[in-house]
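Just below is one structure, and these are the notes that go with it.
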2 protein chains.
Amino acid sequence: MKLYKFFIFCIILGLSATDIKAQNLSWEEVEPGIWKAEAGEPEVYDLLSASGAKPRKKALEKMGNVPFPISKKDINVQLVDGETYLRFPLEQEEEVYGFGLNFKTVHQRGRILRLHVDHYGDEDNGRTHAPTPFYVSSKGYGVFINSARYIDVYAGTAVRKDSEHPPVARDRNTDPDWTSRPYSDSVELLVPAKGTEVYIFGGPTPLDAVRRYNLFNGGGPLPPRWGLGFTQRVHRMYSAEDVRQEAKEFEERGYPLDFIGLEPGWQSKSYPGTLEWDEGRFPEPRKFTQEMLDKGIRLNLWINPYISPDAQFAESIEPFTSSHTVWAGLVPDFNTDKGRDIFFSQLGETQVDIGVSGYKIDEVDGYDHWLWPDVATFPSGLTGEQMRQTYGLLVQRYSEDLFEEKNRRTFGLVRASNGGGTSFPYVIYNDYYDHQNFITALINSSYAGVLWTPEVRASETGEEWLRRVQSVVFSPMAMINAWSSETKPWSFDEVEREVKEMFLLRMRMMPYWYSEYAKYHFKGIPPFRAMNLEEGFHSELKKEVKEKNLAKNPYEEAIRQEIKDQYMAGKYLLVAPMFEGQKSREVVLPKGRWYDFYTGDYVGNGEVITVTPGLDNIPVFVKDGGIIPMMTPRMHAPKLGEKVDIEVRHYGEKAGRYMLYDDDGETYDYEDGEYQFREICVKKLENKRFEGSISPPEKNKPNTVGNVSWKFMTQ
Amino acid sequence: MKLYKFFIFCIILGLSATDIKAQNLSWEEVEPGIWKAEAGEPEVYDLLSASGAKPRKKALEKMGNVPFPISKKDINVQLVDGETYLRFPLEQEEEVYGFGLNFKTVHQRGRILRLHVDHYGDEDNGRTHAPTPFYVSSKGYGVFINSARYIDVYAGTAVRKDSEHPPVARDRNTDPDWTSRPYSDSVELLVPAKGTEVYIFGGPTPLDAVRRYNLFNGGGPLPPRWGLGFTQRVHRMYSAEDVRQEAKEFEERGYPLDFIGLEPGWQSKSYPGTLEWDEGRFPEPRKFTQEMLDKGIRLNLWINPYISPDAQFAESIEPFTSSHTVWAGLVPDFNTDKGRDIFFSQLGETQVDIGVSGYKIDEVDGYDHWLWPDVATFPSGLTGEQMRQTYGLLVQRYSEDLFEEKNRRTFGLVRASNGGGTSFPYVIYNDYYDHQNFITALINSSYAGVLWTPEVRASETGEEWLRRVQSVVFSPMAMINAWSSETKPWSFDEVEREVKEMFLLRMRMMPYWYSEYAKYHFKGIPPFRAMNLEEGFHSELKKEVKEKNLAKNPYEEAIRQEIKDQYMAGKYLLVAPMFEGQKSREVVLPKGRWYDFYTGDYVGNGEVITVTPGLDNIPVFVKDGGIIPMMTPRMHAPKLGEKVDIEVRHYGEKAGRYMLYDDDGETYDYEDGEYQFREICVKKLENKRFEGSISPPEKNKPNTVGNVSWKFMTQ
């Protein structure tokens, strides 16, 4: 009766059959240990062209050559229906990390994602602030897809009929080992474009692959010294006078403060904004900015890029804006010369020129309703999707240019980034507020080539306030963003002393943080990073387990679980934050001897320990031989040219070596060689005693180190 | 310093600028009140070609012509970057419904969705079992996008710079009326393909638009009479003997039962399956099936389409399967003749031929991990995306063909459908289990051209069990699917009597349900549908409010809220389910007088009433003049040719008229005219008394009506 349908079908299929074209990639080694290939016809606009990232060639040369890390014949490309299908091999024991700033998971093998710039929506599905299409294998290599499209990722989930390692079909009726997720031997990706560049980053270790990726993207940013101090964001409707008072209160109470963030009310209108100072609240912006600078406090301005019809430049920028508006505000097309120039000139002339130190760039990520739709068109000819994936990169790039032109470093906040954005001096933040997941994001930021702040916004209790402050002290940017809840650092009486101690600790550790950032910039090593990037953490420990009694030693379980609540901070520190309500917690120590940061006491070696630190302490551990340069606590970062005394702490039983970074702390002159690394050595003497030394300063290089004292913590 | 970047950029943009092509659509009236246009170059494979849907031309002719319902000049098409952008106008007061089987929301204006066949993941984001690209406007028209692609929908959220109704920019600093979602005057859609067919369905009412859509897709399915009885699904590892016992227990306890569902264990292997009877559990399938048929009980078989390597036909079908496997099972390409033939021949020859009555077709929706990836390729040349969007349609279509060839109706279950699938005799189900959201899905099914069952699976308490049974009795398929929890209908002693009463009520109402399904088939009226499709519910009630005191009458709020927990069942019934823990609930009555279903008492008119029904009652209300034909309760649906006595109930104070449908109840002969509608009339006499009559049966047409008695409920 329905036979006619069959005939119609045969006709349909004859017409619709899609051309499937397989392609063998041709790999070119573009930098040592970095290979590029072109799948299909790559688009001209991609993540690297949007970001303008330039490789740090010398640093990459130093890393040297390694063999191509995976089997080329197992990399597969198919061009289907105007889209590009990519496949990369996975070995049985291989783990996969990355695919952007995820908040709940670290291990990505077994996950399906669609990489899409967006506000994080409480699910690791690819929608996040920096959905970097880069993954790192536990086997010590990385893969980067340089496409400004929404990429579908099947990370070890898709199973092919022609797989050389096919899973066994099991009978669910009777087989208790049946699983809905049979073994898959590959990462597959769908790039919805006719082609894409693909990059492979060699190791040999996962950290090496991350370093090559970061260096290829220009290395991490080197913040100004003041960027590592504390920042406080003030109420959106504060006037200049209110801000003055706030700064004064910090000073009177003895809380360090390096920069203040002004929220929407500095503008005459916001959402959409005028990008002009409100004449009522800030009648004399130039004078006020200078006055604050004189006190050692910089101003950071909240903006989003959507332009109020009442902005003075609204009419002139209109032709260079999107077809669609955001809250009835114009959306500038930063890929048109004029759109970019008009917008950033406004920032440059009325803000950067008068001394503003940086920006907090909001709402460039989305949450869909808060952005243009994908059907928006742009004068540059780019699509809504391409702009969505790269808008965060563009605002970082061109706003940094404003500061670079003045040879003044900046350090700000942004809500969206992507592959290619590693070098920008911006830290990602959002409106999510789960303390534990903030730490997981901090871990994942090291695989995504971005920085992330677990900012402190509000707390139900003093305990929570303190616990969050402790985490933020051991993070890329020490930010209190509690203007909405009107909580001050000292609001909780019961923990005020502890909070202040933490503020001061951040300041004391500035030489360490600054040196570690320098290593991010010059060597590509993320200052805050996943345990899995730490040698001795993963594979070696597995071996240990086999000889032990699992019932007595929960270690095997510990390494099989995702480690989502502890991380490495700089070369030597392992940080294990406490969360509200916790009285004790487990910490997984990598192989090697570890010491308590506060006391220098030995705590363990390649094992799971339980710590009960009390309220005043965030558990921090130092690797054997660890060296932490510190300074006396201060209210502001050292000024340009100011010399500061250093206290060098040494931990453990091994000798140690540390490269202390130094430059002027404020300009880009380091790019022209105006910096030095000074070698700190701790030698082991007889009787378990130690002796420290520091190499003399290089001549004609910035030198901010005053007296050096020594503290051997483990004696 | 970074000036060179600008230059690079200019070059890039010159190359990448995308061609944006606007198109004026040319509308062709393909059926009365239905217009088609081709945006761009529509693809050959789409939802309608996949489903093979054929319009019910005569019924559409009867509906007659109406003017094109929206302003053609406000329909906008742009072809951008190989994709199709569509825009349709929205008036200020216009509401939008549909976009598939949503579970939490009814009003879709203000939502952003990506229509994607998938298991429902607890969020109305477009991922659902039937993401039908069809929406219905409160202004009385519908729009259907006939594309088998993942479509992005901006339902009144995107705002254009060139809008003729632009929202006002507001200053968030100071304006309390600021909103993150300014007024948008259009529905915009992104179809990721070079073109698509677009259909507009005229009204004048929203229900008319829905009817035209349904009739265009072949009208709703007409289930066999037995499909409206009870169905029980039995434990997956039950043997023929166990099934026999289960049927016997239903009989002994006096619970009606029309078909039994066999879960995976009827097959020798499952997930992936052999689609062969397990010789141990079902040694004589033909004999067993016949034995059950003799008892008036049919068998429905669970399957999914993924083929075990141990299936006898695995080798022969292998060339016609996807590149990727599901649980190591082959994925047949039903768009190849051979793949389709081999697969469905197996079902036909070993199951349908021996009397199996239908299927429950599982896992054709996804949840990603449970399906092929979008990078899968298929021998027919269709993409993973196209197959994902249509696989549910294909399995429904070709499995129904098996039954149609034998001139036997079927009524089964499926986990995925889409636009074009209206006529298939399948009810959608899933693994989600929120009772309230199940009701919301039932409401939305009427906008999606599908049927949905709020099946009963398990309950914590007797109360919950009873409340769920009550809902399922007033739903498209009365299914108990509690094999996993091993709950039997009579498991909760404290509500056993009430549960049984409900079972019997379902059977008594069979003449009503059957007639209402006939109206779905012949007239396109969904048997279970949203309140918003009921005249007098929405706009008229709004007027009422203006004269009333809002503080005393919460009505305005009630109509502004989404009505997500009550629905229309057939022509006359308003059902307001109770949920566990509720002692009372509010019910919004449309304008007109309403009566209690059980007592005939007047309850209200165009107002919000509060009901406190007690455990044994699900609140059901009948429209003034409502006529409900019922029969005596029985254990099975009437057999072919069997006559049944009818009791006609009349409610309210108005005279009434009802079209009672009749046919043989089992074959497709109704498609050749072998059916009749008999007119039931209730006249109003003096003294508030009534008199009923029924038109005589047509000669040579099936007639299953025995004696007719009358019950005037409101006296």
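Every number here is computed from the coordinates shown, using simple stated rules; none is lab data. Since we're looking at a predicted model, the values are computed, not measured. Cβ: placed from backbone, ideal geometry, glycine included. Neighbour counts: every protein chain shown.
Taking 41 Å as R0, compute the FRET efficiency from the Cβ-Cβ separation of A:Gln245 and B:Ser71 and round it to 0.05. Step by step, r from the Cβ atoms, then E = 0.10. Bridge orientation summary for segment A:627-712: considering DSSP beta bridges with both residues in this region, about 75 percent are antiparallel.
Normalised size of segment A:199-324, defined as Cα radius of gyration per 2.2 N^0.38 Å with N residues, equals 1.44. When both bridge partners sit in chain A, DSSP labels roughly 75% of those beta bridges antiparallel.
Our note on the geometry: Cα centres of segment B:113-174 and segment B:390-438, 25 Å apart.
Taken over the Cα atoms of segment B:167-270, the convex hull encloses 358 Å³ per residue. Within segment B:225-510, DSSP assigns beta bridges of which about 20% are antiparallel (rounded to the nearest 5). Computed from Cα atoms alone, the Kirkwood hydrodynamic radius reported for chain A is 26.8 Å. P(r) for segment A:627-712, from all Cα pairs and a bin width of 10 Å, is 16, 45, 28, 9, 1 %, short bins first.
Its alpha carbons give segment B:28-118 an Rg and a Dmax of 15.8, 42 Å.
Is there a quick way to get the dipole size of segment B:225-510? I mean about its Cα centre, with the Cβ of Lys and Arg at +1 and of Asp and Glu at -1; what is the value in debye to the nearest 20?
That gives segment B:225-510 a dipole magnitude of about 780 debye.
Couplings 3J(HN,Hα) for segment B:593-601, derived from phi with the Karplus relation 6.51 cos²θ - 1.76 cosθ + 1.60 (θ = phi - 60°), are 8, 10, 10, 5, 5, 7, 10, x, 5 Hz, where x marks Gly and Pro. For A:Lys54, which lysines qualify as cross-link partners when the Cα separation must be under 18 Å and same-chain residues fewer than eight apart are set aside? Filter leaves A:Lys36, A:Lys62, A:Lys519, A:Lys523, B:Lys2, B:Lys5. Work out the P(r) tail for segment A:199-259: percent of alpha carbon pairs separated by more than 18 Å, whole number. Considering segment A:199-259, 59 percent of its Cα-Cα pairs are separated by more than 18 Å.
From the residues B:Ser71, B:Gly40, B:Gly52, which one has its Cα farthest along the dipole of segment B:29-96 in the positive direction, the dipole being from +1 and -1 charges on Cβ of Lys/Arg and Asp/Glu about the Cα centre? In segment B:29-96, that residue is B:Gly52. Size descriptors for segment B:105-202 (Cα atoms only): Rg and Dmax, in that order, 15.5, 46 Å. Full extension of the chain between B:Glu41 and B:Asp310 gives 92.5 nm of extra length, using 0.36 nm per residue less the Cα-Cα distance. Shape annotation for segment B:570-715: C-alpha extents along the principal axes are 49, 42, 24 Å, from largest to smallest.
Taking only the Cα atoms of segment A:280-398, the radius of gyration and Dmax are 15.4, 48 Å. Remark: the B:Glu494-B:Asn707 segment gains 73.0 nm on full extension, using 0.36 nm per residue and subtracting the alpha carbon distance. Near the amide H of B:Val187, within less than 5 Å, lie the amide hydrogens of B:Phe88, B:Leu90, B:Gly156, all on another chain or at least 5 residues away, with H placed in the peptide plane. Amide H to amide H distances under 5 Å link A:Thr84 with A:Val191, A:Ala193, where only residues 5 or more positions off or on other chains count and H is placed in the peptide plane.
For A:Ser239, B:Ser137, what's the fewest-to-most ordering of other Cβ within 10 Å of each Cβ?
A:Ser239, B:Ser137
Remark: label point of B:Pro176 defined 7 Å out from Cα along the Cα-Cβ vector; separations to the same position in other copies 6.5 nm, ascending. In the assembly of identical copies, A:Arg497 has its label point, taken 7 Å from Cα in the direction of the beta carbon, separated from the corresponding points by 7.0 nm (ascending, one decimal). For segment B:596-618 versus segment B:353-371, the inter-centroid distance based on Cα atoms is 39 Å. As a size descriptor, the averaged projected area of the C-alpha convex hull of the protein assembly as shown was calculated at 54.9 nm². Kirkwood radius, segment A:371-489, all distinct C-alpha pairs, inverse of mean reciprocal distance: 16.0 Å. Relative to the other identical copies, A:Ser693 shows label-point distances of 12.0 nm, where the label point lies 7 Å from Cα along the Cβ direction and values run shortest first. Taking amide H atoms as placed 1.01 Å from N in the peptide plane, the amide H of B:Ala478 lies under 5 Å from those of B:Thr231, each 5 or more residues away in sequence or on another chain.
Compute the convex hull volume of the Cα atoms of segment B:148-211, divide it by the residue count, and report the result per residue in Å³ as a whole number. Enclosed volume per residue, from the Cα hull, is 161 Å³.
Positive end of the dipole of chain A (Cβ unit charges, origin at the Cα centre): among A:His116, A:Tyr426, A:Asn217, the Cα lying farthest that way belongs to A:Asn217.
Chain B residue nearest the rotation axis toward A, with distance: B:Gly82, 3 (Cβ to axis, whole Å).
Extents of segment A:225-510, largest first, come to 56, 42, 34 Å (Cα atoms, principal axes, whole angstrom).
For A:Met578, A:Met237, the sequence from fewest to most other C-beta atoms within 10 Å is A:Met237, A:Met578.
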